[in-house]
Amino acid sequence: MKNSKLALAISLALSINTAAVAHDNSNLTMEVIGTYETGIFDEGAAEIVAHDARNQRVFVINANDATVDVLDINDPANPSKMKQIDVSDYGKVANSVAVYKNLVAVAVEANDKQAPGKVVFFDTTNLSYINDVTVGALPDMVTFTPNGRYVLAANEGEPNDDYTVDPEGSVSIISLRYGPKHATVRTASFEKYNGMEEALREKGIRIFGPGATAAQDFEPEYITVSSNSRFAWVAMQEANALAVIDIKRAKVIKLLPLGTKDHSLPGNELDASNKDDGINITNWPVKGMYMPDSIASYKFKGRTYIVTANEGDSRDYDGYSEEERIKDLTLDPDAFPNAAELQASEALGRLKTTTANGDTDGDGDFDELYSYGARSFSIWSAYGKLIYDSGADFEKITAKLIPDDFNSTNDANDSFDNRSDDKGPEPEGITIGKIGKRTIAFIGLERVGGIMAYDITNPKKVEFLSYLNNRNFDADVLVEVEDEEVLDPNWQMAGDLGPEGLVFISAQKSPIKKPLLVVGNEVSGTTTIYQINVEKKHKKWKKNKSRDDD
């Protein structure tokens, strides 16, 4: 169990103007009760996590060892590794894992990253191999449908570093109708959108890879499935869009552009510079591209809503890069008459932007400025309409609670303001849980660290509940030895670094009959278990008889 001093806990009211409502008594808090440490720094030794309720195990993607670590959490205060599943016979590295009853599905990328990958099935109890099927290039995320009849794999299809080989992105629909030994695969492809690139761009979908068709340019990142197992929503991060898939037909039936967030509007402020010598969360004439990584879904009053962690991501390869800093652009003098002031390093100059968008009239200068990600989480209708966005919450909350470590990076302490010119706190992982009658979203901040909790039961009445960061900013991570940065021998005292994958465990499925949250931390290689505590005497936390917290 981790030293509780590592936890920077919150369950408090904020005096700042946040987009969500904060209460003096949120009735929900999180506490760290146990951590498993690999002792491996910054090698992806703990990424995506999945829970096996039958055996009380957690499956953790360990990219460093090309394995899936299997943790025993019957005593969640003392999680222990009982075994590893080696996937090296099936490809180069495991990227994702999912569990349904007695089945584990693992997404494995090929040794040649641009070649077709595999989804491999194992038994949850004896961990024996069952079968594997071939899917698309770079299967980056795998999930079961709620009814267990299908497994879906998001095949990202990234290009090689020279950008000379660019496989098509796709979603593999794996049928388990006759069991995993007889699994069959169909592909939901984007080929039908080839030739429609210009029309899609006009709708706000980013298609910009050099020489790429729509199918090559779309890179599925993450999947969420409707509660009735009929439809899937797929995040295409670089395209800044969602795809909707009819699962039974294995067809893409809709593309939903997500648009941009206007950071010049009140409530949408951001800190745009790491050279301004302080915290400066203010409005700027920049449009944030939502570009979600993890997504999830839930129902409210019979309607499905999609929840996104708006991380942002750029294409940055040796053969092609869209990244540039605003100070290095030529700005349109009519759109930006104060260009010199804006392009100062302490203003917008350091902020990373894209050269793929913004020159709206094609004259070589930039009429609009874009940033990667929205530094927030959002709730969308099933048809892509924005219902709620957390605005500037994440930066304002962390500025209030950890001002000396605001917008730190995840692989070094003493890095105040380091990420402000990039994507700020960088929300990446998200999961949803039902506690009593409430639906709670948990969002992991990849860079500064920590978990945000929001009550999203009613998507139009969202409430901030709590934030906890199991990171010790006083510990040394990297130290300088003979003009070279090396890992400090006691770096593990820094706690959790780089939360990546999150999974919620309901009280009904928990080994201690209390709701838990399991988080895989990519940089510190730790898997940490949080206990979720609520004041059950409060009416909104009373037990829900509908079994929705299954």
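The values are calculated or read from the model by the stated rules, or taken from the named source; none is laboratory data. Please read these numbers as outputs of a predicted model, since none were measured by experiment. Please note: Cβ atoms are built from the backbone with ideal geometry, for glycine as well, and neighbour counts cover all protein chains shown.
Checking each residue of the range 505-515 against the condition of being part of a strand (DSSP E or B) and closer than 17 Å to E43 by Cα gives no match. Among the residues of the range 358-376, those identified as touching a helix residue (DSSP H, G or I) at 6+ places or on another chain (Cβ under 8 Å) and not charged (D, E, K, R) are L369, S376. Highlighted here are the strands (runs of 3 or more DSSP E) found entirely within the range 367-485 that include at least 1 residues which are under 14 Å from N310 (Cβ atoms) and either more than 21 Å from the chain's Cα centre (by Cα) or not acidic (D, E) (or both): 370-372, 377-381, 386-389, 427-435, 438-445, 451-455.
Residues that are surrounded by fewer than 18 Cβ atoms within 10 Å (Cβ to Cβ), at pLDDT 85 or above and under 22 Å from the mean Cα position of the chain (by Cα) number at least 3 in none of the strands (runs of 3 or more DSSP E) confined to the range 1-73.
The residue that is farthest from I430 (Cα to Cα), among those in the range 467-486 that are buried (at least 24 other Cβ atoms within 10 Å of the Cβ) and among the polar types (S, T, N, Q), is N470. Only strands (runs of 3 or more DSSP E) whose full extent lies in the range 247-362 are considered here, and the ones with at least 2 residues that are basic (K, R) and surrounded by fewer than 19 Cβ atoms within 10 Å (Cβ to Cβ) are 251-257. Selection over the range 180-214 of residues that are surrounded by 12 or more Cβ atoms within 10 Å (Cβ to Cβ) and at positive phi gives a count of 1.
Residues of the range 249-266 that are touching a residue at least 24 places away in the same chain (Cβ under 8 Å) and within 10 Å of V286 (Cα to Cα): T260, K261, D262, H263.
Whether any residue in the range 475-490 is charged (D, E, K, R) and closer than 16 Å to L517 by Cβ is what I want to check. Checking the range 475-490: not a single residue is charged (D, E, K, R) and closer than 16 Å to L517 by Cβ. Restricting attention to the range 471-512, the residues being touching a residue at least 60 places away in the same chain (Cβ under 8 Å) and acidic (D, E) number 4.
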